[in-house]
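Worksheet: the structure to be examined is printed underneath.
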């Protein structure tokens, strides 16, 4: 998959590139609006990560122009503005998702996967984790065709860990993914611990879960 | 409290009544004086007539020197008389007095003019009298007519005052109405108020200028908020990405990831702080939309289902009693969710295992009220005072203590009033009273 990262803050752009490359994406960078428009016109991208606060133009104009060119990449808007109006405006113009700075790179990966499934109809392949099967499409976890009844939040948590498998996720990253970040002040590591405990308990009724690891002092990891 | 025009009209009425009352008190005296002067002038006029008559025809037709000493005449109703007599003894007289006369066995009070004059060296005394009763009678009638007239005048002027002031002050009503309706200075109706009163024109202009000014300030603040958020959050974002990228490398020596996580935690705190301050700044400059309609109990139920895993884990009973529900309109759901979530989460955090947190919704008089009570540690008076101030209430478990300040800002944004009651070692109750017309 080809990704264009339009972000004027070079060091942030570089980090995104490092992370997405490790995820198997092909990345290109643009640091100005003009540069971005030119690249979009010439190349075909699957994803455009678009910072709204560009020095030479309003990022939203790039979506407008692009619609005129007729290509159809998925736009994910990155902004520190966080204003409701911007969000509505962005989604109206055809942006596919919206992520507020500062965000976790693992969150970006999860969003890109979700957008990809929705937009390019990439079939969400069921995934085998230990003795369990995770069905992304129907949001189910099964063990020998028996469904493990997880709450919406519990499934989201497990899903996020599985998408970012073999990476340690901090409690804050997990918390942000599930509760968004309007309640930052209430960030409470206990929340995640309780939910993980419940997920483990429910899964352990069917089989043991050595793949769901607690990484001391950091957070949790799904490894397989 | 009363409307300005009613007050003005009543003041007019009152002042009129006072002046009329004073006038009515003084009037009898005045009328008497006027009548007296009038009567006296009449009497003097009559005297002149008599004198000129006497000088024309002589004294004989009235008094013949031998036989009669007195001449008297009065009209049928006895309210006037004239008498002429020889006046031998005494000095000259020319005065007017009030005296009682007996005429045909009837005592009547007269205003009497006494006047002496000489004809052929004989002194005569002329007396001309006018009954005072008749004077009093006219006086009484005049007073009655006057009273009726005054009452009539007062009534008429009161009504016209009322109507006129209403018309005069109608631009003020228009201005008040305009002010009452606005929630944001940018939507202030700037069409000039129709009036010929210069005071209202200047008031209207002053308000218009004020609104434009406030609007400008708000806009500037909005810009500053946007700029600060961008300036602060971008470097935080860079740091976060760098640290998170480091954390997922598998070639680190064992003690490094923990250090990175500790650094990340500090960064999260910074991020949380910036975001909270921004949230409050945006709330205060009204940058959030209030365009959603939803049931409050539904929000509360969602919060309960989100927090019940936590409360279950600490063996705390999280219960609800919904006696009443409210369909709020012109509200922001995610903000109200945050507000209640903050409070309920706080209550759960501050309650010991085995305790209870109860969420109630009910109607109290005209208000819809949501209350959140816990059986936690409670708070002292001193703690209560700084409860909603930023950074003052350092939470025991986590957080910057800004959560309650956020809750308060959200409540203010929705015109919800928060009251807190707390008893140390017994528990705390937060009550949220929604405005009457929401």
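The numbers here are math on the coordinates, done by the rules we state, and not lab data. Quick caveat, the model's predicted, so the values are computed rather than measured. Using ideal geometry, Cβ is built from the backbone for each residue, glycine included, and neighbour counts are taken over all protein chains shown.
For chain A, modelled as a GNM whose springs connect Cα atoms under 10 angstrom apart, the maximal fluctuation among A:162, A:194, A:148 occurs at A:194.
The value given for the protein assembly as shown is a Kirkwood hydrodynamic radius of 33.7 Å, derived from the mean inverse Cα-Cα separation. Each of B:211, B:339 was scored by other Cβ atoms within 10 Å of its Cβ. Arranged with the fewest first, they read B:211, B:339. Annotation for residue B:214 and residue B:415: the two label points, set 7 Å from Cα along the Cα-Cβ direction, are 1.4 nm apart.
When each of the peptides B:236-242, A:108-114, B:289-295 is scored by how many other beta carbons lie within 10 Å of its residues on average, the order from highest to lowest is B:236-242, A:108-114, B:289-295. Averaged over the residues of peptide A:99-108, the number of Cβ atoms from other protein chains lying within 10 Å of each residue's Cβ is 5.
Considering all C-alpha pairs of segment B:4-162, those separated by over 21 Å amount to 60%. With the simple spin-label model, which puts each label point 7 Å out from Cα in the Cβ direction, the residue A:65 to residue A:152 separation comes to 3.9 nm. With Rh defined as the Kirkwood radius, the inverse of the mean 1/r over Cα pairs, the Rg/Rh of chain B is 1.49. Rounded to the nearest 0.05, what FRET efficiency do residue A:216 and residue B:364 give with R0 = 45 Å and r taken as the Cβ-Cβ distance? Could you check? That pair, residue A:216 with residue B:364, gives E of 0.35.
Most tightly packed first, judged by the mean number of other beta-carbon atoms within 10 Å of their residues, the peptides B:405-416, B:146-157 read B:405-416, B:146-157. Listed by Cβ neighbour count within 10 Å, with the fewest neighbours leading, A:143, B:137 appear as B:137, A:143.
Maximal additional length on extending the residue B:102-residue B:222 stretch stands at 33.0 nm, based on 0.36 nm per residue less the C-alpha distance.
Cβ crowding within 10 Å, taken as a proxy for footprinting-reagent exposure, orders A:107, B:298, B:100 from fewest neighbours to most as B:100, B:298, A:107.
Across A:29, A:172, A:137, mean-square fluctuation computed from a Gaussian network of chain A (C-alpha pairs under 10 Å connected) peaks at A:137.
Determine the shielding of peptide B:331-338 by partner chains: average, over its residues, the number of Cβ atoms on other chains within 10 angstrom of each Cβ.
Whole-number average of other-chain Cβ neighbours for B:331-338 is 2.
Based on C-alpha pairs under 8 angstrom that are at least 6 apart in sequence, chain A has a relative contact order of 13 percent.
If R0 is 56 Å, the Cβ-Cβ spacing of residue B:75 and residue B:3 corresponds to a FRET efficiency of close to 0.35. Averaging 1/r over every pair of different alpha carbons in chain A and inverting the result gives a Kirkwood radius of 18.8 Å. Using a cutoff of 8 angstrom between alpha carbon atoms and counting only pairs six or more residues apart, the relative contact order for segment B:292-433 works out to 24 percent. Length gained on full extension, residue B:302 to residue B:32, computed as 0.36 nm times the residue gap minus the Cα-Cα distance: 88.2 nm. Length gained on full extension, residue B:295 to residue B:436, computed as 0.36 nm times the residue gap minus the Cα-Cα distance: 49.2 nm.
A Cα-only calculation for segment B:198-284 places Rg and Dmax at 22.8, 82 Å. Rg and Dmax, both from the Cα atoms of segment B:292-433 and both in Å, are 14.3, 39.
Average partner chain C-beta neighbours within 10 Å, per residue of B:242-251? Don't skip to the end; give the middle numbers.
Details: counts 6, 2, 13, 7, 2, 10, 11, 3, 3, 0.
Taking all residues of B:242-251 together, the mean is 6.
Between residue B:176 and residue B:423, the C-beta separation translates, for a Förster distance of 41 Å, into a calculated FRET efficiency of about 0.40.
Considering only B:217, B:335, B:252, the Gaussian network model of chain B with Cα springs below 10 Å gives its largest mean-square fluctuation to B:252.
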